[in-house]
Amino acid sequence: MRPVELESPLLRLDQPVLTDAESMYEFCQDPLFERFLTVPWPYNLSDAETFIERYIPGAWKADREYTWALRAPGRPELLGVIGLRLPSGSIGFWLGSPHRGNGYIAEALRMVADWAFAEGIVDAIHWECLIGNRASARVARKTGFTFTGQGPSLAPYRDGSHPLSWQGWLKASDERATKDGWPAEVTG
């Protein structure tokens, strides 16, 4: 598939470009990324460049993963990244620390889900995060995912293990309202 751009009044999703590499590198120095994400650690500028120049274009072309940069409309600055992996329908995302608290990830998740469901790419999206990543869980809860419990992560961690993760699903037919059943540390 060829890359697709998505836009709302709050956010534009487009392709990461090489000029985003420095910001991506800087954002990925966040200690929360080491704890909760599967990005290489330590994360180097060359990791960002390889991800942008090789991985993302190849994954779109092979219909293996669709990855977008998050940007404010009309602005070139990278805010974060979101990707939909196939065939699992698994979603992953991160946001640079200066941009948190503005609803960007919830909006990006809604936009990607709406697009994927409308295009028939998937009929359900799987979300997971390492146990304790309350910010990720709160976004999933807010955007209508149903919490399905905890279990080994689908995505391997950087050491190849599959640590326990919180998991949930959003089906194309689901109401997007907040659902009960989430862990207390997420709803509090």
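Where a number appears in this text, it was derived from the coordinates with a stated rule and is not lab data. For clarity, every value in this text was computed on a predicted model and none was experimentally measured. Note that we place each Cβ from the backbone using ideal geometry, even for glycine, and neighbour counts take in every protein chain shown.
Let me know the Kirkwood hydrodynamic radius for region 1-55, please, with Cα pairs as the basis and the value in Å to one decimal.
On the way: mean 1/r = 0.0798 Å⁻¹.
Result for region 1-55 stands at 12.5 Å.
When the Cα centres of region 153-188 and region 52-69 are compared, how far apart do they sit, in Å?
Cα centroid to Cα centroid, the span is 24 Å.
If you place +1 on the Cβ of every Lys and Arg, -1 on the Cβ of every Asp and Glu, and leave all else neutral, what size is the dipole of region 20-86 about its Cα centre, to the nearest 20 Debye? Mind dumping the intermediate values first?
Values: 7 positive and 11 negative charges, 64 e Å.
Computed about the Cα centre, the dipole is about 300 debye.
Quick check: net charge around Leu13, other residues with Cβ under 15 Å of its Cβ, Lys/Arg +1 and Asp/Glu -1?
Numbers: positive: Arg2, Arg12, Arg71, Arg75, Arg110; negative: Glu5, Glu7, Asp14, Asp20, Glu65, Glu77, Glu107, Asp114, Glu119.
Result for the neighbourhood of Leu13: -4.
Please give, to one decimal in nm, the separation of the simple spin-label points placed at Arg176 and Leu86, each 7 Å out from Cα toward the Cβ.
The modelled label-to-label distance comes out at 2.2 nm.
For region 51-127, report the convex hull volume of the alpha-carbon atoms normalised per residue, in Å³, without decimals.
104 Å³
Suppose each label sits 7 Å from its Cα in the direction of the beta carbon; what would the Asn102-Arg2 distance come out to in nanometres?
Here the answer is 3.0 nm between the modelled labels.
Neighbouring Cβ atoms within 10 Å as the yardstick, rank Ser88, Ser153, Ser173, Ser23 fewest first. All intermediate terms of the calculation are to be shown ahead of the outcome.
Details: Ser88 14, Ser153 20, Ser173 8, Ser23 17.
Least to most surrounded, the residues fall as Ser173, Ser88, Ser23, Ser153.
Among Val112, Val17, which comes first, second and so on when ranked by fewest other beta-carbon atoms within 10 Å?
Values: Val112 22, Val17 13.
Ranked by crowding around the Cβ, least crowded first: Val17, Val112.
If I model a spin label as a point 7 Å beyond the Cα along the Cα-Cβ vector, how far apart are those points for Ile131 and Asp63 in nm?
3.7 nm
Along the positive direction of the dipole of region 6-187 (beta-carbon charges: Lys, Arg +1; Asp, Glu -1; about the Cα centre), which of Thr187, Ala62, His162 reaches farthest?
So the residue we want is Thr187.
How large, in Å, is region 123-188 by the Kirkwood hydrodynamic radius built from its alpha-carbon pairs? Numbers along the way, then the final one.
Details: mean 1/r = 0.0830 Å⁻¹.
Across region 123-188, the inverse of the average 1/r is 12.1 Å.
Once you've got the GNM for the chain with C-alpha springs shorter than 10 Å, pick whichever of Phe117, Phe27, Phe93 has the biggest mean-square fluctuation.
Phe117
Nearest 500 deg cm²/dmol is fine: what mean residue ellipticity at 222 nm does the chain get from its DSSP H runs of n ≥ 4 alone, each adding -39,500 (n - 2.57), divided by its residue count?
-7500 deg cm²/dmol
For region 117-188, calculate the relative contact order in percent as a whole number, restricting contacts to Cα pairs under 8 Å that are 6 or more residues apart. Don't skip to the answer; put the middle values down first.
Details: 113 pairs, mean separation 28.2, N = 72.
Relative contact order for region 117-188 comes out at 39 percent.
Rounding to the nearest 20 debye, state how big the charge dipole of the chain is about its Cα centre with +1 on each Lys and Arg Cβ and -1 on each Asp and Glu Cβ. Don't jump to the answer; show the numbers that get you there.
Working: 19 positive and 24 negative charges, 79 e Å.
That gives the chain a dipole magnitude of about 380 debye.
If contacts are Cα pairs under 8 angstrom and at least 6 residues apart, what is the relative contact order of region 83-161 in percent? Walk me through the intermediate numbers first.
Values: 49 pairs, mean separation 22.9, N = 79.
In percent, rounded to a whole number, it is 29.
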